[in-house]
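Asks: For reference, the structure I am asking about is given below.
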Amino acid sequence: MSELLESVEGLSFGAALPDRLVTGYQNFPDNAVADIPGAVRTALEETGLLDAVTPGQSVAIGCGSRGLANLPVLTSTTIECVRERGARPYLFPAMGSHGGGTVAGQLKVLANFGLTEESMGVPIRADMAVRRTARLPDGPQMYQGEDSARADHVLLINRVKPHTSFRGPVESGLSKMGVIGLGKLEGARTYHAHGVEVFVSNLTEAAQLQVRHTNLLGGVAVAENGHEETMVVEALHASEFAGPRERALLDLARTHLPRIPVSPLDLLVVRRLGKNISGTGMDTNVIGRFAVPDLPDAEWPRITVVAVLSLTLETAGNANGLGLANVAAGRVLRNIDWQATYTNAFAAGVMGLRKAAMPAVVPCDRQVLELSLNSIQTRPEQARILFIDDTLSLGRAWMSPNLAAEWAAAPHCRTGPEVGLAFDDSGLMTSPWNLA
């Protein structure tokens, strides 16, 4: 891969870059939960979710690979509530094929989220070995990891949100985590192998079967607002997985999903991509690209070229979703963990292969912008360009001046000061943000 970057090191694509950008803001509802520990305790107490837990029992608390706001405090409070029942809590990774499908990789993902034995004060037990649980009629076999199967009870913690690759009555949340995350690499690979149609049509039944054939007690479900803040905390009994309450949380999350308020775009520049941002690195619901058979791209927004400049630290080298981009900077390539990326991608079948494809890669940010603008049909000085930190952080963005009036006219949006577009001597973009 270094040879690839060296071979294009001196290329100049000759496109004129804008020298000024306009700052744009979106005002999402300020409805964050003020007291996260209190919300977790109230949810657990009001539902009686922990009433079945008796002193001395072991409770496995599962956390996934997708970032969610306040995960350490959500987890530590759940641990405290379990301990107060006289039980013995421990953590385990409930993340299917993520983290390279290895114990070390999944522990690293948890550590990047601030979940370690030291920070949480409990053991973390991770094991990729699985046991069979149930089989869907004429469908896939399902599994449960030994690390959670050996406990008396299992609790899951996850965010409920629209999925990036399919539409259904339940999407990302406790149900999917109970089917895919709980099943480790073998469970993820087996379930995905039956294709998107089976995945979607059987997820509700699969979740209910998994509940009946495992030690799942329930979970803490979270929905977030447009500011990436915890908006709702609920506790669901396992019998409620895929039921009305989880579906209502999905509907709520969908109404608060951040959106790009201007379209079409000639170029979208994304500062960072990662599994903690979205299961596909960039949320397909935001960029409007799905790369899924029989699922057409969204009508809004329409984007000609998507460019990516870096990977997040939390993604631990997993670049799944890079195939949604057209152009990427060299440091993305240098920071990829190919085992983690391909293990995750291959477990998802055709959907994963498309999202792990390689875009055009050039050494520096300046070349990324030049190549991108040189490839579109619009004259560079007339190009509609938007810069965002990532697909979760849409409260602030930067745009070419020709988008400013349209942005300001969109609901809950306003524009701010102009900033310069600048690069250091190595071609690293230093403004509108500092990537050093």
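The values are calculated or read from the model by the stated rules, or taken from the named source; none is laboratory data. In this text the structure is predicted, and so the values were computed from the model without any measurement. Quick note on the areas: whole protein, heavy atoms, side chains included, nothing else; ligands and nucleic acids left out. Shrake-Rupley method; radii C 1.70, N 1.55, O 1.52, S 1.80 Å.
Asks: Can you work out ³J(HN,Hα) from phi for every residue in the stretch 89-95, in order, using Karplus 6.51 cos²θ - 1.76 cosθ + 1.60 and θ = phi - 60°, giving whole Hz and x for Gly and Pro?
Replies: x, 8, 9, 8, x, 10, 9
Asks: Rg and Dmax of the stretch 136-193 over Cα atoms: what are they, in angstrom?
Replies: Spelled out, the Cα radius of gyration and Dmax of the stretch 136-193 are 12.1, 34 Å.
Asks: Given 0.36 nm per residue, what is the gain on full extension from Arg131 to Glu381 after removing their alpha carbon distance, in nm?
Replies: Working: separation 250, 0.36 × 250 = 90.00 nm, distance 5.92 nm.
Result for the pair: 84.1 nm of gain on full extension.
Asks: First compute the accessible area of the stretch 261-319 with a 1.4 Å probe, then give the percent of it belonging to carbon and sulfur atoms. Before the final figure, lay out the partial values.
Replies: Numbers: 890 of 1670 Å².
The value for the stretch 261-319 is 53 percent carbon and sulfur by accessible area.
Asks: Rounded to the nearest 10 degrees, what's the angle between the helix 338-347 long axis and the longest principal axis of the chain, both from Cα atoms, 0 to 90?
Replies: Rounded to the nearest ten degrees, it is 60.
Asks: Only bridges whose two residues both fall in the chain count here: according to DSSP, what percent of them are antiparallel, nearest 5? Walk me through the intermediate numbers first.
Replies: Values: 27 of 60 bridges.
Expressed as a percentage, antiparallel bridges in the chain total about 45.
Asks: Report the Cα centroid-to-centroid distance between the stretch 387-401 and the stretch 175-193 in angstrom, as an integer.
Replies: Computed from Cα coordinates, the inter-centre distance equals 33 Å.
Asks: Along the three principal axes, how long is the stretch 59-136 when you take its alpha carbons, biggest first, rounded to the nearest angstrom?
Replies: That gives 35, 28, 20 Å along the principal axes, largest extent first.
Asks: Taking the Cα atoms of the stretch 15-154 alone, what are Rg (to one decimal) and Dmax (as a whole number) in Å?
Replies: 19.6, 68
Asks: Express the accessible area of the stretch 350-428 per residue in Å², computed with a 1.4 Å probe while the remaining protein chains stay in the model.
Replies: 44
Asks: Give the relative contact order (percent, whole number) for the stretch 58-111; include only Cα pairs under 8 Å separated by 6+ residues. Don't jump to the answer; show the numbers that get you there.
Replies: Values: 57 pairs, mean separation 24.8, N = 54.
RCO, the stretch 58-111: 46 percent.
Asks: Next question, about the same structure. Under 5 Å between amide H atoms, partner at least 5 residues away or on a different chain: which partners does Met128 have, H built in plane at 1.01 Å?
Replies: Here the answer is none, since no amide H 5 or more places off falls under 5 Å of that of Met128.
Asks: In terms of modelled amide H atoms, which long-range or inter-chain residues lie less than 5 Å from the amide H of Thr133?
Replies: Met142, Tyr143, Gln144
Asks: Let me ask something additional. Suppose we look only past 34 Å in the calculated P(r) of the chain. What percent of the Cα-Cα pairs does that tail hold? It would help to have the intermediate numbers written out before the result.
Replies: Values: 30209 of 94830 pairs.
The answer is 32 percent, as a whole percent.
Asks: When the solvent-accessible surface of protein heavy atoms is calculated with a 1.4 angstrom probe, in what order do Ser375, Ser97 fall, highest first?
Replies: On the way: Ser375 65, Ser97 5 Å².
From most exposed to least exposed: Ser375, Ser97.
Asks: So, with a 1.4 angstrom probe, what is the percent of accessible area on the stretch 72-145 that is carbon and sulfur? Before the final figure, lay out the partial values.
Replies: Details: 1410 of 2920 Å².
Within the stretch 72-145, the accessible surface is 48 percent carbon and sulfur.
Asks: Ok, one more. Normalised by the empirical 2.2 N^0.38 Å for globular proteins, what value does the Cα Rg of the stretch 103-229 take?
Replies: Details: Rg = 14.9 Å, N = 127, 2.2 N^0.38 = 13.9 Å.
Dividing the Cα Rg of the stretch 103-229 by 2.2 N^0.38 Å gives 1.07.
Asks: Output the direction-averaged projected area (hull surface divided by four) of the convex hull of the alpha-carbon atoms of the stretch 199-338, in nm². Present the calculation step by step, with values, prior to reporting the outcome.
Replies: Numbers: hull surface 40.8 nm².
Mean orientational projected area (the stretch 199-338, Cα hull): 10.2 nm².
Asks: Expressed as a whole percentage, what fraction of the accessible surface of the stretch 349-402 belongs to carbon and sulfur atoms when a 1.4 Å probe is rolled over the protein heavy atoms? Present the calculation step by step, with values, prior to reporting the outcome.
Replies: Numbers: 1020 of 2010 Å².
Solvent-exposed carbon and sulfur of the stretch 349-402 make up 51 percent of the total.
Asks: Give the angle, between 0 and 90 degrees and rounded to the nearest 10, that separates the Cα long axis of helix 36-47 from the longest principal axis of the Cα atoms of the chain.
Replies: Roughly 40 degrees between the two axes.
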